[in-house]
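> One structure follows; several queries about it will come next.
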Amino acid sequence: MKHEIETDTGYFDSAACDLSAFTALIDQTANPSTVPNADDIQKNVPIYDMSRLRPSLENKERRRAIMAEWAHVLLSDAGVLVLRGAYEDTVVLDEATGIYERIIATEKLATGSGGDHFAASGSNDRIWNSLQKLCEEAPEVFLRYFANTSIAAACEAWLGPNYQMTAQINLVHPGGVAQQAHRDYHLGFQTAETSAEYPAHVHDLSPALTLQGAVAHCDMPVESGPTKLLPFSQLFRAGYAAWRRDDFRAVFEERHIQLPLTKGDALFFNPALFHAAGANRSSDVHRMANLLQVSSAFGRAMETVDRVKMCKLLYPHAMAAHQNGTLGVSNLKAAIAAAAEGYSFPTNLDRDPPKSGLAPETQQALFLRALAAGLDVHEFEAILDESRVKQSA
Ligand SMILES: [Fe+2]
């Protein structure tokens with residue numbers, strides 16, 4: 001991590017944050033030579049055309065070079081990148097949009113606030129844990145939605161393998177207001193007082209534990225309010241102590257950028273980047289994004305997800321896709337990675353001792369082994385249940 005400002009005390013203090021050091025960072029200009037795989041740079045943000053780059057993700061060395069470039073952008077350059085056409089075929093997005101609209105309507109009825117999805121001007125709708133809910137409503141759609149090698153590569157680029165996918169739908173209607181500038185999970189979701197209790201090096205580590213992403217479910221012209229972003233702002237080491245200050249927020253409002261997105265584009269950014277949802281000033285764009293919050297295998301995700309249940313729901317569809325070849329191996333692996341737990345710990349080491357002296361088999365490894373061995377759904381479910389019992393305290 002870059003260390004632009006140091007701290008004498010080992011802690012960051014909001015009052016000591018230097019606005020001129022911050023503006024010096026955001027005054028930078030993206031250097032095209034550091035992003036050789038990008039097709040364009042707009043407002044300092046590298047744009048990758050996935051229709052051109054997608055085949056390269058099937059080559060191990062090329063994939064690794066692209067991931068290293070993306071990690072560099074997220075860590076040391078603009079802190080944000082766009083994958084144009086992350087979805088080659090947007091039909092699955094439309095299918096998911098329809099399901100999410102129904103979930104919003106159902107949840108509104110359940111809370112007694114009426115079932116009209118296209119709610120009054122100025123409101124917005126949110127689906128928490130849209131990951132599990134999509135899988136429960138339509139596992140076959142989930143499988144195709146997350147069988148996305150571009151998204152998988154972006155997650156792996158920042159977090160390494162075995163990341164934990166979570167997702168939330170945000171639907172902002174015309175008239176919807178903007179958010180204030182902020183940083184994201186982990187430290188961005190702590191109060192200023194709590195955040196200040198964590199030593200400086202933990203502020204450096206927090207952004208490495210999650211990746212923020214957004215999948216555009218519709219075209220998002222700037223007037224519809226795509227995310228306001230401040231390139232290079234993730235580089236400000238004391239940013240978790242600074243983002244609530246009025247002077248930093250004023251700089252954000254003055255200097256932020258917005259990029260229009262097209263249905264099927266994906267945006268990824270370092271969670272330490274100063275950002276905010278934009279105001280929807282359009283008359284007719286109901287701006288739907290699936291916000292991906294992806295966690296490192298080594299961190300705690302914000303949402304609980306019933307991954308055993310999701311694996312059971314997905315397995316027959318994954319088996320069918322595997323057997324009839326409708327999804328390639330890397331696509332199938334991407335979908336399974338979004339659903340199944342990829343890490344062996346925590347577990348109960350009395351009941352679930354390490355295999356071969358290392359880690360017990362993960363849900364993901366089990367899922368792939370079951371597919372390869374052609375286990376039927378009952379055998380697979382029995383092993384999953386058994387492993388859940390072994391892992392429990
Ligand atoms: Fe955010």
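The values are calculated or read from the model by the stated rules, or taken from the named source; none is laboratory data. Remember, predicted model here, so these are calculated numbers, not experimental data. Positions of Cβ are backbone-derived with ideal geometry, glycine not excepted, and every protein chain shown enters the neighbour counts. Ligands, DNA and RNA are stripped out before the accessible areas are found, and what is left, the full protein with its side chains, is counted by its heavy atoms. Shrake-Rupley method; radii C 1.70, N 1.55, O 1.52, S 1.80 Å.
> If I take R0 = 45 Å and measure r between the Cβ atoms of S283 and S392 in this structure, what FRET efficiency does the formula 1/(1 + (r/R0)^6) give, to the nearest 0.05?
For R0 = 45 Å, the calculated efficiency reads 0.30.
> Could you calculate the FRET efficiency of L205 with A105 from 1/(1 + (r/R0)^6), where r is the beta carbon distance between them and R0 is 35 Å, rounded to 0.05? Show your work: numbers first, answer last.
Working: r = 41 Å, r/R0 = 1.16.
Efficiency at R0 = 35 Å is approximately 0.30.
> Something else: Please find the FRET efficiency linking S20 to E136, where r is the Cβ-Cβ separation and R0 is fixed at 51 Å, and quote it to the nearest 0.05.
Efficiency computed from Cβ-Cβ geometry: 0.50.
> Please say if the range 58-97 is rounded, prolate or oblate, where rounded means a/c under 1.5 for a ≥ b ≥ c the square roots of the C-alpha gyration tensor eigenvalues, and otherwise the choice is prolate for a/b larger than b/c and oblate otherwise?
Working: a/c = 4.14, a/b = 1.66, b/c = 2.49.
It is oblate, given that a/c is not under 1.5 and a/b is not larger than b/c.
> Along the Cα→Cβ direction, 7 angstrom out, place labels at E361 and V329. What is the inter-label distance in nm?
1.9 nm
> Also, quick follow-up: Which one of L109, Q28, T210 has its Cα pushed farthest toward the positive end of the charge dipole of the chain, where Lys and Arg give +1 and Asp and Glu give -1 at the Cβ?
The one lying farthest along the dipole's positive direction is T210.
> How much accessible area per residue does the range 307-391 have, counting only protein heavy atoms and a probe of 1.4 Å, in square angstrom?
Heavy-atom accessible area per residue stands at 51 Å².
> When the accessible area of the chain is computed with all protein chains present and a 1.4 Å probe, what percentage of it is carbon and sulfur?
53 percent
> So, one more: Towards the positive end of the charge dipole of the chain, with charges on Cβ (+1 Lys, Arg; -1 Asp, Glu), say which of P199, T90, L187 has the farthest Cα.
Projecting each Cα onto the dipole axis, the largest value belongs to T90.
> Let me ask something else about it. How large is the convex hull of the Cα atoms of the range 2-295 per residue, expressed in Å³ as a whole number? Display every interim value, and only then the final one.
On the way: hull volume 38.9 nm³, N = 294.
Once divided by residue count, the hull of the range 2-295 is 132 Å³.
> Which shape class, rounded, prolate or oblate, goes with the range 307-391 when its Cα gyration tensor gives a ≥ b ≥ c as root eigenvalues, a/c under 1.5 marks rounded, and past that a/b bigger than b/c marks prolate?
Prolate, because a/c is 1.5 or more and a/b exceeds b/c.
> Tell me, what is the percent relative contact order of the range 2-295, built from C-alpha pairs under 8 Å that lie six or more residues apart? The partial results should precede the final answer.
Numbers: 590 pairs, mean separation 82.0, N = 294.
That works out to 28 percent.
> Next question. Summing +1 for each Lys or Arg and -1 for each Asp or Glu, what net charge is found among the other residues whose Cβ lies under 15 Å from the Cβ of V91?
Result for the local shell: -3.
> Roughly what would the spin-label model give for N124 and N59, points 7 Å off Cα along C-beta, in nm?
Output for this residue pair reads 4.0 nm.
> With +1 on each Lys and Arg Cβ and -1 on each Asp and Glu Cβ, and nothing else charged, work out how big the dipole of the chain is about its Cα centre, in Debye to the nearest 20.
Dipole of the chain, to the nearest 20 debye: 400 debye.
> Taking the simple approach of a point 7 Å from Cα along Cα-to-Cβ for both R369 and Q179, what is their distance in nm?
In this crude spin-label approximation the distance works out to 4.0 nm.
> Another question about this same structure. How much length, in nm to one decimal, is gained on full extension between I257 and V377, taken as 0.36 nm per residue of separation minus their Cα-Cα distance?
38.3 nm
> Which one of T9, L273, G342 is farthest out on the positive end of the charge dipole of the chain, using unit charges on Cβ (Lys, Arg +1; Asp, Glu -1) and the Cα centre as origin?
Value: G342.
> Run the count for the chain, please: Lys pairs, Cα-Cα under 17 angstrom, 8 or more apart or on different chains.
For the chain, qualifying lysine pairs total 8.
> Next up: Relative to the longest principal axis of the C-alpha atoms of the chain, give the angle of the C-alpha long axis of helix 60-76, reported between 0 and 90° and rounded to the nearest 10°.
30 degrees
> Per residue, how much accessible surface does the range 72-114 expose to a 1.4 Å probe? Answer in Å², no decimals.
Numbers: 1780 Å² over 43 residues.
Computed with neighbouring chains in place, this is 41 Å² per residue.
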